[in-house]
Each structure stands twice: as structure tokens, then as C-alpha cells.
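Scroll down for the structure; my scribbles are underneath it.
FYI, it's all coordinate maths here, none of it is from the lab. Predicted model, so just to flag it, every value in this text is computed and none were measured. Here the Cβ positions follow ideal geometry from the backbone for every residue, glycine too, while neighbour counts run over all protein chains shown.
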Amino acid sequence: MERREFLQTAGTVAGVTAIGGILWGRAAFARSKMTEQLVGEASPILVAKEHSELKTIPSAASEEMKLWFTGACLNSAQFVNYICSEGFASRLQQFATTREREMCVENEFFARVVSHSSIYQRIELAAQESGAILDRNWQSCCDKIATKWKLKLDANSDDLSSDIQSRLDLLISNQLDDAISQSANVADRPSAISSAIGVGKASLMALPLLRLPPPYNLIAIPAFALAAITHFANYVIGWLFQDSTGAKNAISDRLALLGNRVASEFNTELKVRIADLHSWQNDALRTTAEEYAYANIGII
């Protein structure tokens, strides 16, 4: 009798377990389907926003950077006269490597033409202006997504828009802060750079920094700006070590074009930073869609 009861009980448990498994599987499938539907409806909105931002924001900001940098280089006569002097040539000859000579030219450029701090301040201004555009676009994007999702989620679009943006912003801010804290040059980055200053601005300010080795400098500088200035410094050294005849005119002409090179490097860097933000936004969107699907579809 006991054996019969045991078998009956075991059979009942197995049946309940099987039914539970079927129900769970159906719910998981339905949630997955709903997630894909939500993401599918939001994707065209994101794609259109991303295309517009990558097309317009870097070009506008880099054009402003070109105008500013070119203007700053107009007052460079003292710099050109000094680096073309015999005294500076003697200084360069003391260095054994090309990189050491480049850094010597770079330091004179920072001291006599455009300082590290002014470059960084200009970048921060560009990030503030462009970041505000990114944030406005994102808010508009969240409103459009809410309009698309409200029927499936049976929610008021105004409340839903606020809830969607709140969820997404938290996820994106976490990814942004993680990226900043894990960057190789985090020790050189100002502590104020975090999602707290606004996701758009912080995303653009999370650019790579480089620190020149002592004794040249103890200040970190954005890598894109240093790349452009190093290219110019290498050009200067080529003139001073090969043929100093006509060096002043050649260096002055190249200096007048340096703003173009800086702007080009800045444009490329901005595209990378914005692309990273787009990636975080897409990841956050999928996670949020999964949360809504889970909340709206139960096991039974």
C-alpha cells in the first residue's frame, strides 16, 4: 500500500513538474518574442538618430575647433623665430632620439602658441555644446519609443516615456562610468568627468589622454591633439636638421594649416565617442525591453 501511494505521489509530482516546465517554456518564448518586437519597433528610431548624429555633430564641432585652433596659431611669430634659432638647434642636437626632439618642439609650442589647458578647455566647451544636442536627441528618441510601445505595454505614453528614459539613463550611466573608471589613463582624468555632468557631455569627454614623460611635462593632453602636434613637430625637425634655408616660411605655412589637422583628428575621435554612446544606448534598450516583457508576461 505504501509503495502504491509513493508511486502515485511521485507520478503527481512528475506531472506537475512537467506542466510547470511547459508553462515556463511558453512564458520564456513569449517574453523573448515580445522583447524582439519591442526592440524591432525601437530600432528604426535609434538608427535614424545615430545616422544623423554621426553625420552632423562631429563635423560641426571639428569645424569650430579648426577655426579656434587656426586663430590661436596666428600669433606664432615668437615661436617660429625661436625654434629656427641657433640656440634651439643646439638644444635639439642634445637629444638622441626623434621622439625626444619632437617633445622638445611640442613643449615650446605649448609654452608659446597654445597651452595644454586652453586645448582642454576648448574640448570641454565643444563637449558641452555637442553633449547637449545628444541629450536632447535622446529625450526625443525616448518619447518616440514610448509612442511605439504604449499599445503593447498598455500604458500611458507620457508616463511610459518618463519610465523608459529613467530605466535607460540608469543603464547607460552605469556603462559610461564603468568605461571611465576602467580606462588606462584614469589617473590623469579630471574627477568631475562622470555621468553626473550629463551623459552626452561625459561620453564625449571620455577621450583618451596621454601624459608626456618627465622632464617635459606632467600634464595629460588629449591623444588626438597630441597626434596632430607631434606630426607638426616631426615636420619642423625635418626642416631644421636637413636644410634650414626657408625654414621660417615653411614652418609658418605648416603652422597655419595645423588647425586642419587638429580638426580632422578631433572629428575622428568624436565619431568614436559617439559610436560608444550609441552602443550603450542599444544595449540599454534591449535590457529595458526584456524587463518590460518579463513584467508583462507571467508564467500562467
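Local charge sum around residue 37 (other residues, Cβ-Cβ under 11 Å, Lys/Arg +1, Asp/Glu -1)?
Overall, the nearby charge balance is +2.
If you take every residue apart from residue 262 with its C-beta less than 11 Å away from the C-beta of residue 262, what net charge results, scoring Lys and Arg +1 and Asp and Glu -1?
+1
Apply the Karplus parameterisation 6.51 cos²θ - 1.76 cosθ + 1.60, with θ equal to phi minus 60°, to every residue of region 131-148 and state each ³J(HN,Hα) to the nearest whole Hz, in sequence, with x for glycine and proline.
With coefficients 6.51, -1.76 and 1.60, one gets x, 5, 5, 4, 5, 5, 4, 5, 4, 4, 4, 4, 4, 5, 5, 4, 4, 6 Hz.
How large is ³J(HN,Hα) for each residue in region 40-57, as worked out from phi by the Karplus curve 6.51 cos²θ - 1.76 cosθ + 1.60 (θ = phi - 60°), to whole Hz, x for Gly and Pro?
Result, rounded to whole Hz: x, 6, 7, 4, x, 5, 5, 4, 5, 5, 4, 4, 5, 5, 5, 7, 9, 5.
Among the aspartates and glutamates, which have Cα under 19 Å from the Cα of residue 33 when same-chain residues fewer than 8 positions away are ignored?
Cross-link targets: 41, 154, 283, 290, 291.
Amide H of residue 210: which non-local residues (sequence gap of 5 or more, or other chain) have their own amide H closer than 5 Å, using H built in the peptide plane?
221, 223
Multiply the residue separation of residue 287 and residue 60 by 0.36 nm, subtract the distance between their alpha-carbon atoms, and state the gained length in nm to one decimal.
78.5 nm
Within 12 Å, Cβ to Cβ, of residue 273, how many net charges do the neighbouring residues add up to if Lys/Arg are +1 and Asp/Glu are -1?
Once all neighbours under 12 Å are counted, the net charge is -1.
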